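The values are calculated or read from the model by the stated rules, or taken from the named source; none is laboratory data. Model, not experiment: these values are computed from the prediction. Cβ coordinates were reconstructed from backbone atoms using ideal geometry, including for glycine residues, and neighbour counts include every protein chain displayed.
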Amino acid sequence: MDNKKIVITGFGGSLRRESLNKTLLHDAVNYMPEGSRLDIVDISGVPLYNQDLEGTENENVTRIREAIRNSHGFLVVSPEYNFSIPGYLKNVIDVVSRPSHLNPFV
């Protein structure tokens, strides 16, 4: 990670192709401070969480973990469904943060 440049990893919490949240996320690039960068990560392709599969590699999960690990912070732009985040976004957080020794959020 380049210590001189602030790097933020961002992802949209909707899978919809024409998602307004993804549009807002892409627009956020225009509001990043000078000398910083917003890397937008595609969260599609993350499998459903299954503890039996912990320890097996999935290239989409590995890519997201590495992006978060190599950044100073993250930005999630998400719709609200039934007073909560979308189930798929919750699943992405669950999968990417397991097992705990690979958790890029800590």
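Residue-by-condition table, conditions (1) under 26 Å from ILE6 (Cβ atoms); (2) touching a Lys or Arg at 6+ places or on another chain (Cβ under 9 Å):
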site	(1), (2)
ARG37	yes, yes
THR56	no, no
GLY73	yes, no
LYS90	no, no
PRO104	yes, yes
task: Mind listing just one residue for me: the one in region 23-73 that is over 22 Å from VAL95 (Cα atoms) and without any contact (Cβ under 8 Å) to a residue 24 or more places away in the chain and, of those, surrounded by the fewest Cβ atoms within 10 Å (Cβ to Cβ)?
output: GLU34
message: Quick check on THR62: is it among the hydroxyl-bearing types (Ser, Thr, Tyr), under 11 Å from the mean Cα position of the chain (by Cα) and within 17 Å of PHE105 (Cα to Cα)?
response: no
- prompt: Does ARG16 satisfy the condition of being under 21 Å from HIS72 (Cβ atoms) and basic (Lys, Arg)?
  reply: no
field: GLU18 vs. criteria exposed (fewer than 15 other Cβ atoms within 10 Å of the Cβ) and either in contact (Cβ under 8 Å) with a residue 24 or more places away in the chain or closer than 25 Å to PRO99 by Cβ (or both)
entry: no
message: For region 74-87, give me the residue count where each residue is hydroxyl-bearing (Ser, Thr, Tyr) and buried (at least 16 other Cβ atoms within 10 Å of the Cβ).
response: 1
field: Which numbered condition THR9 misses (of (1) modelled with pLDDT under 90; (2) in contact with an Asp or Glu (Cβ under 8 Å, 6 or more places away or on another chain))
entry: (1)
